[in-house]
Structure formats: C-alpha cells, structure tokens
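**Student:** Provided herewith is a single structure, encoded as structure tokens, for subsequent inquiry.
All of the numbers you see were taken from the coordinates with simple rules; none came from a lab. Remember, it's a predicted structure, so these values are computed and weren't measured experimentally. Quick reminder, even Gly has a Cβ in these numbers, built from the backbone with ideal geometry, and neighbours come from all protein chains shown.
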Amino acid sequence: MAYSTNSPAGKVVQDVLDNLPGLVAVAVVDITSGMALASHSNSPNINPETAAAYNTEVVKQKQKAMSALKLTGENIEDILITLTNQLHLIKLAGNKFIYLAVNARETNLAIAREVLRSSAENLN
C-alpha cells in the first residue's frame with residue numbers, strides 16, 4: 001500500500017522510516033477493521049497489510065484475555081514479539097495501532113519503543 005504524508009497515518013509511517021535503521025516493515029492499522037491505513041515494507045517477504053490483519057487479532061485476543069482476568073484499569077501500551085532475527089512491536093494509540101518489524105541485530109529496542117511512543121502521540 002502506498003502512503004501519503006498528507007494523512008496522519010502516512011506521516012507516522014514516514015516518521016518511523018526516518019528514525020529507525022533496520023526497519024523491516026511498518027503499518028498504521030485500524031483496530032476495528034484490521035485494515036492498514038498506511039504501510040511500508042523494506043522486505044519482499046513481509047506484506048504489512050497481511051501483518052496488519054493478523055496482528056489485529058493478536059490485539060483483540062489480548063483485550064479479551066485482560067477482560068477475562070478482570071484487569072480493570074489496565075490498558076495495553078505495547079506488545080513485543082521476539083523472533084530469532086526480528087522484533088515485532090505493536091503500539092496501541094486509541095482505536096489504531098502501529099505495527100513495526102525491525103532487524104533484531106540492527107535496532108535498539110529502547111529506541112524503537114521511543115520512536116513508536118512519539119509516533120503514536122502524533123497519530124491521535
């Protein structure tokens with residue numbers, strides 16, 4: 001999916017691209033529909049729109065688990081999935097989330113989280 005820097009979601013994608021070396025893929029996703037509002041991939045192996053749909057289910061299932069556990073007053077800030085060579089992060093921002101995949105050896109997790117935090121603020 002192409003993105004336009006005229007939209008808030010497109011600006012977030014561009015901001016992430018500008019600030020994270022080792023980026024594999026990024027998408028801004030609507031939680032309700034699971035659709036990517038803007039996305040980019042530096043890898044032919046990762047389709048960010050497909051990742052958006054599946055990661056929407058990850059978010060919804062975690063929300064259901066929190067409800068079942070009666071974790072009232074708690075909110076999901078982010079979800080980290082550690083793979084052998086990649087880190088996948090999901091940062092919630094209202095009814096949207098930012099999905100990010102980075103190379104684990106080239107990216108500092110703290111920096112990635114900070115870029116996502118500041119980008120999420122710009123999304124709302």
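**Student:** Rounded to the nearest 0.05, what FRET efficiency is calculated for Asn103 and Thr72 with R0 set to 30 Å and r the Cβ-Cβ distance?
**Tutor:** On the way: r = 38 Å, r/R0 = 1.25.
Efficiency for this residue pair is about 0.20.
**Student:** Run the helix sum for the chain: -39,500 (n - 2.57) per DSSP H stretch of 4+ residues, divided by residue count, reported at 222 nm to the nearest 500 deg cm²/dmol. Working shown, then result.
**Tutor:** Details: 3 runs with 48 residues, N = 124.
Theoretical 222 nm ellipticity from helices: -13000 deg cm²/dmol.
**Student:** I would also like to ask the following. How tilted is helix 109-123 with respect to the longest principal axis of the chain? Cα atoms for both, answer in degrees (0 to 90, nearest 10).
**Tutor:** Helix 109-123 sits at roughly 80 degrees to that axis.
**Student:** Rounded to the nearest 20 Debye, what is the dipole magnitude of segment 8-123 about its Cα centre when Lys and Arg each give +1 and Asp and Glu each give -1 at the C-beta? Present the calculation step by step, with values, prior to reporting the outcome.
**Tutor:** Details: 10 positive and 11 negative charges, 60 e Å.
Dipole of segment 8-123, to the nearest 20 debye: 280 debye.
**Student:** Another question, then. With axes computed from alpha carbons, what is the tilt in degrees of helix 48-68 against the longest principal axis of the chain, rounded to the nearest 10 within 0 to 90?
**Tutor:** Around 20 degrees separate the two axes.
**Student:** What ranking do 26-37, 59-70, 9-20, 78-89 get when scored by the average of other Cβ atoms within 10 Å per residue, highest first? Present the calculation step by step, with values, prior to reporting the outcome.
**Tutor:** Values: 26-37: 20.8, 59-70: 11.5, 9-20: 19.1, 78-89: 14.3.
The peptides rank, most packed first, as 26-37, 9-20, 78-89, 59-70.
**Student:** What translational diffusion coefficient, in µm²/s and rounded to a whole number, does the Stokes-Einstein relation yield for the chain at 20 °C and a viscosity of 1.002 mPa s, taking the hydrodynamic radius as the Kirkwood radius over Cα pairs? Write out the running numbers ahead of the final one.
**Tutor:** Details: Rh = 14.4 Å.
Stokes-Einstein gives a translational diffusion coefficient of 149 µm²/s.
**Student:** Report the paramagnetic label zone for Ile111: residues of segment 5-32 whose backbone N is under 16 Å from a point 7 Å from Cα along the Cα-to-Cβ axis.
**Tutor:** Within reach of a label on Ile111: 15-25.
**Student:** Using 14 Å as the cut-off for backbone N distance, which residues of segment 103-124 belong to the label zone defined by a point 7 Å from the Cα of Ile46 along Cα→Cβ?
**Tutor:** The answer is 103-109, 112-113, 116, whose backbone nitrogens lie closer than 14 Å to the label point.
**Student:** When the chain is treated as a GNM, springs tying every alpha-carbon pair under 10 Å, which of Leu23, Leu71, Leu100 comes out with the largest mean-square fluctuation?
**Tutor:** Leu71
**Student:** Right, something else. Testing the spin-label approximation: label points 7 Å from Cα along Cα→Cβ at Asp30 and Ser4. State their distance in nm.
**Tutor:** Placing both labels 7 Å along Cα→Cβ, they lie 1.5 nm apart.
**Student:** Right, another one. Can you give the net charge of the other residues whose Cβ lies under 14 Å from the Cβ of Ala68, counting K and R as +1 and D and E as -1?
**Tutor:** Working: positive: Lys60, Lys62, Lys64, Lys70; negative: Glu74.
Summing Lys and Arg as +1 and Asp and Glu as -1 gives +3.
**Student:** Now for a different question. Would you check the chain for Lys pairs whose C-alpha atoms are within less than 17 Å, ignoring same-chain pairs closer than 8 in sequence, and give me the count?
**Tutor:** Final tally of qualifying lysine pairs is 9.
**Student:** Can you list the GluC sites (Glu not before Pro) in segment 19-124 that are in a DSSP coil and have 14 or fewer other beta carbons within 10 angstrom?
**Tutor:** Values: sites: Glu49, Glu57, Glu74, Glu77, Glu106, Glu114, Glu121; in loops: Glu74, Glu77, Glu106.
Answer in residue order: Glu74, Glu77, Glu106.
**Student:** Could you state the angle between the C-alpha long axis of helix 8-19 and the longest principal axis of the C-alpha atoms of the chain, as a value from 0 to 90 degrees rounded to the nearest 10?
**Tutor:** 60
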